[in-house]
Amino acid sequence: MNDLVDVRAGVYRDSVSLMRVSQSLAARPGVAVAVVAMATELNVGLARDLGFDVPAATPGDLLVAVRASSEAELAEALAELERQLAAREPAGGSGTREAAPRTTRSAARGWDADVVLVSVPGEHAFAEAMDAVEAGLSVMVFSDNVPVEQEILLKDRALEKGVLVMGPDCGTAVVGGAGLGFANVLRPGPVGVVAASGTGAQQVTSLLDLAGVGVSHLLGVGGRDLSAAVGGRSAVQALRALDADPATELIVLVSKPPAPEVARAVQALDLGTPVVAALLGPGEDDLTAAAEKTLRALGRDVPEWPSWPAGGGREPGGGPLRGLYSGGTLCTEAALIAGTGEFTDYGDDEYTRGRAHPMIDPALRLEALAGVREGVALLDVVLGHGADPDPAARLAPAVEEARARGVAVVVALIGTEGDPQGLRGQAERLGAAGAAVFTSNAAAARHARSLATG
Amino acid sequence: MTLSMLNGEPRVITVGAELLGEALDHQAVPRRAVDWRPPLPGASTALAAVLADPRRARANEVAVGRLTSARPRLVGVRPASEALGLEKGTFFHAGPPIDWERASGPMRGALIGAMLFEGLATTPEEAEARLASGDGITLDPCHHHRTVGPMAGVVSPSMWMLEVADAEHGGTAYCSLNEGLGKVLRYGAYGPEVVDRLRWMGEVLGPVLAAALERTGPVDLRNLIAQALQMGDELHNRNRAATSLLLREIAPAVVEAAPDRAAEVLRFVNGNDHFFLNAGMAAAKVSADAARNVPGSSLVVAMARNGTEFGIQVSGLGDRWFTGPAGVPDGLYLGGYGPDDANPDIGDSTITETTGLGGFAMAASPAIVRFVGGDVSDAVAATTSMYEITLAEHPAYQIPGLGFRGTPVGIDVTLVARTGLLPVVNTGIAGRVAGTGQVGAGLVSPPAEAFTAALEALAAG
């Protein structure tokens, strides 16, 4: 084996971009291992565990460690690396006269913006978000691991400035037709959404879209917004903003289980626009029920939610239920409905440290699926901008293998016909591979429960 | 409330994962990407604390507003003993505090020269011995006395000082008279020609300029600097236009005030393209001082080097210095000199960069690149990058080549820590051996640790 280790000072790329580079190098013939990552303590330790001889480096350096079976293959992998790094040269890099701005503050100076999307590592997100607020811009903080004191400070400053802080840990938003973060392609319409749960909001809005009802805006507020500490600071602002928005006729409020006193306070707001609440928890409506309630409030019919039966003959039954999720709220909802089984949220911080979110990189979940030897596996697949461009490509073969082992597979497919991946095409391929596919997560969970209890 | 982003298709700034930016590109949403990189090592915690300080935004606005609204005017020329109460045996020097022990070659050379000039020693050896013993000698930074000095920046009581007053905020600042290039005191030379020139400056140049200024009244330096920038000066390493403008301003009065001496005075000023530097430095000093002591402000109000250390002072942190080792400039060398002959960075002239001139205004001065190396695009890139670490664009100091954009002014410690971009400094290079003089000119970067140390002090509140 031939090893190459290189530490490049002052070269920065974000972790998702580098993971894509690492993956494509590792997929080359003859390449055994490829680590292309910022030289954080974690990544340097990882490379050393793999047997690479890594010199001293700082988190601001780029670490390259590649192992290939021959010199020639190593050289080819490196050439490919250079090509990919060059292709990822940040816009306005060397050679152009107008250098790219280095901070949000600088970007906002001299460019007329409406909103800022922050997805830097959590410990650095506050500076960029504060720049946005101070520049009088609303900001979506996709980053997680932002301390709650910083969240409160940002939201208080935002209130003074008359702008909205969406997040931290805000996975999705749709503003004026533009999808930020993980976002489904939704038709324009009368429903405004305030969401303290990204995938929860994606489920509700995708179902509405399937029923022919569109969305005016989807304003994420971050998973902690309705906690006692944050007190619904952004939810209140978002509700008032949608109340004032002439395109919004009805508001849906989606949240992970909120602090009761905050839920009460938020619902007690004096708004001119009717509000449908989907506040998850035992005894509360599930997301699908909330979508149906919304349709009824608008005087629309509730359709039968699309589903596709499992191909490959009669579904096996009986045995334990295993939930393998990428969306936290979807996971919670499914576990509540199923009332049995073991559920894991692979989108949780615990699983995303040092790797991409499972909506982008399915490797960890596919591995877990391969480990299910009996019973029923229940998964969510979330479509939309930012997500895996073709989840069926890797999931369908894994479903076939599971079925071959006698494991039943149930998929909650969250998406719309307008999504870049295409809802129907994905559903049909997963169905043909042997999965029962549901557009309602609640329906998927009920089906999985019925299979498990046999 | 209403949110402006809800009106129509939004324009988005993205910072972080490129994947999420690409998702917007696929939707054809107009966006501007930030070329984000992690902050200076170890700065994260302090940054979060400083950025959370509710006073910061307003404090910086106030501080940089004072800096850019200052109206420096040259009002007089006076001996240091009279203007600053400086007594024999006390010497001001450039940069943060230093003692003889740690002083570099050019600093020692300049102190020796000043001892000889003041008659405190008759030979260089005697001067050196007395300075080393410290007997009756006090060393004190110029910056502690409303004063700045180029290179070694040594000021002694008999030297004549330019007096600059701020017509907006009422401050006053001082800088010595520029001696010219080559073997001069500020570069650490102390031979007889150096001391003789200082004598002539004290006996002729100073008094004649003082008399001339009494006739002209105050000279508006803000206006003069603004004009010089549009004539190709950056006001640190190129002062040719500013010197010419000043000469034009005072020449008739010099002739009237001292007809017998006018020719030699005007010839001396005309023979030194850097004559204006010291007036510009005093103007910068009085402007930066106006921005001092705003609680909560992270604005840099002084950058200065003593030949050993590079130090900065910050508006919200009083008179404390935050230092790191002075770097050796990277540049072009005179004659047979090379990098081995260079002393680490020295001088208070970085007060020009502190106020948005010098390296920050390089794009205004295409001619400078031939002096400090590089090409014109480097000069533009240097200025452009400095907008990333500054709080404002100067309302009066503009750069024609950038569409009359104001120079980047008001260095913010938090922005330096966030971007890792260090102030660009144009500088002369002194010989490291005492007595050598100037050996070159070039560019130098301040030590990053001075900025992280200041950031931590701000965080400690």
So for segment B:367-376 (the condition being in contact with a strand residue (DSSP E or B) (Cβ under 7 Å, 6 or more places away or on another chain), more than 14 Å from chain A (Cβ to nearest Cβ) and surrounded by fewer than 22 Cβ atoms within 10 Å (Cβ to Cβ)), does at least one residue qualify? yes
Would you confirm whether any residue within segment B:341-354 is open to solvent by 10 Å² or more (accessible area, probe 1.4 Å) and free of Cβ contacts under 8 Å to residues at least 60 places away in the same chain? no
In segment B:64-99, what count of residues is obtained for those that are closer than 20 Å to B:Val195 by Cβ, part of a helix (DSSP H, G or I) and not aliphatic (A, V, I, L, M)? 1
Check A:Met166 against each of (1) in the same structural domain as A:Leu210 (by TED's automatic domain parsing); (2) within 23 Å of B:Leu415 (Cα to Cα); (3) not β-branched (Val, Ile, Thr) and name the one condition it does not meet. (2)
Checked against (1) assigned to a loop (DSSP other than H, G, I, E, B); (2) more than 18 Å from A:Ala173 (Cα to Cα), A:Thr294 satisfies every condition except (1)
Being touching a strand residue (DSSP E or B) at 6+ places or on another chain (Cβ under 7 Å) and acidic (Asp, Glu) is the filter; apply it to segment A:282-324 and report the residue that is surrounded by the most Cβ atoms within 10 Å (Cβ to Cβ). A:Glu315
Over segment A:60-75, the set of residues within 14 Å of another protein chain (Cβ to nearest Cβ) and within 15 Å of A:Val36 (Cβ to Cβ) is A:Asp61, A:Leu62, A:Leu63
Residue count for segment A:76-106, restricted to those that are at pLDDT 90 or above, farther than 20 Å from B:Ile13 by Cα and facing chain B (nearest Cβ under 10 Å): 0
Quick one: is A:Ser440 open to solvent by 20 Å² or more (accessible area, probe 1.4 Å) and of a type in the set (S, T, N, Q)? no
Every residue from segment A:161-195 that is over 21 Å from A:Ala291 (Cα atoms), more than 10 Å from chain B (Cβ to nearest Cβ) and open to solvent by 30 Å² or more (accessible area, probe 1.4 Å): A:Lys161, A:Asp169
Here the qualifying pairs (Cβ atoms under 8 Å; residues six or more apart or on different chains; first in segment A:141-156 and facing another protein chain (nearest Cβ under 9 Å); second buried (at least 16 other Cβ atoms within 10 Å of the Cβ) and of a type in the set (Asp, Glu)) come out as A:Phe142/A:Asp169; A:Ser143/A:Asp169
A:Thr416 vs. criteria in contact with a Ser or Thr (Cβ under 6 Å, 6 or more places away or on another chain), crowded, with 17+ Cβ neighbours inside 10 Å and of a type in the set (S, T, N, Q): yes
Just to check your reading of the model, which residue among A:Ala265, A:Ala310 is aliphatic (A, V, I, L, M) and within 30 Å of A:Asn145 (Cβ to Cβ)? A:Ala265
Return the pair list, or none, for Cβ contacts closer than 7 Å from residues in segment B:414-430 that are more than 14 Å from chain A (Cβ to nearest Cβ) to residues that are among the hydroxyl-bearing types (Ser, Thr, Tyr) and surrounded by 24 or more Cβ atoms within 10 Å (Cβ to Cβ), at least 6 apart or on different chains. B:Val425/B:Thr350; B:Thr427/B:Ser349; B:Ala430/B:Tyr187
All but one of (1) in contact (Cβ under 8 Å) with a residue 60 or more places away in the chain; (2) at positive phi; (3) more than 26 Å from the chain's Cα centre (by Cα) hold for B:Pro124; state the number of the condition that does not hold. (2)
Looking only at segment B:450-461, decide whether some residue is part of a helix (DSSP H, G or I) and out of contact with any helix residue (DSSP H, G or I) (no Cβ under 7 Å at 6 or more places or on another chain). yes
Which strands (runs of 3 or more DSSP E) does segment A:137-256 wholly contain that include 2 or more residues that are within 28 Å of A:Val411 (Cα to Cα) and not aliphatic (A, V, I, L, M)? A:178-181, A:188-196, A:215-220
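Considering only segment B:257-265, I want to know if a residue exists there that is open to solvent by less than 10 Å² (accessible area, probe 1.4 Å), touching a residue at least 24 places away in the same chain (Cβ under 8 Å) and in the same structural domain as B:Gln227 (by TED's automatic domain parsing).
First pass over segment B:257-265, keeping only residues open to solvent by less than 10 Å² (accessible area, probe 1.4 Å): B:262, B:265.
With touching a residue at least 24 places away in the same chain (Cβ under 8 Å) added as a condition, the list becomes B:262, B:265.
After this cut, where a residue has to be in the same structural domain as B:Gln227 (by TED's automatic domain parsing) as well, the list is B:262, B:265.
Yes, some residue in segment B:257-265 is open to solvent by less than 10 Å² (accessible area, probe 1.4 Å), touching a residue at least 24 places away in the same chain (Cβ under 8 Å) and in the same structural domain as B:Gln227 (by TED's automatic domain parsing).
Would you check which residues across segment B:182-240 are acidic (Asp, Glu) and crowded, with 19+ Cβ neighbours inside 10 Å and list them? It would help to see each step written out before you state the result.
Going residue by residue through segment B:182-240, those that are acidic (Asp, Glu) are B:193, B:196, B:203, B:214, B:220, B:233-234.
Selection gives B:Asp233, B:Glu234.
Considering each of B:Ala453, B:Ala382 in turn, give the residue that is within 26 Å of A:Gly10 (Cβ to Cβ) and in contact with a strand residue (DSSP E or B) (Cβ under 6 Å, 6 or more places away or on another chain). Reasoning before the result, please.
On the way: B:Ala382 fails: in contact with a strand residue (DSSP E or B) (Cβ under 6 Å, 6 or more places away or on another chain).
When all the criteria are applied, what remains is B:Ala453.
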Considering only residues of segment B:20-60 that are more than 7 Å from chain A (Cβ to nearest Cβ) and assigned to a loop (DSSP other than H, G, I, E, B), which is farthest from A:Asp419 (Cα to Cα)? B:Arg55
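The values are calculated or read from the model by the stated rules, or taken from the named source; none is laboratory data. Note that this is a predicted model, so its numbers are computed, not measured. Positions of Cβ are backbone-derived with ideal geometry, glycine not excepted, and every protein chain shown enters the neighbour counts. With ligands, DNA and RNA removed, areas are computed over all heavy atoms of the protein, side chains included. Shrake-Rupley method; radii C 1.70, N 1.55, O 1.52, S 1.80 Å.
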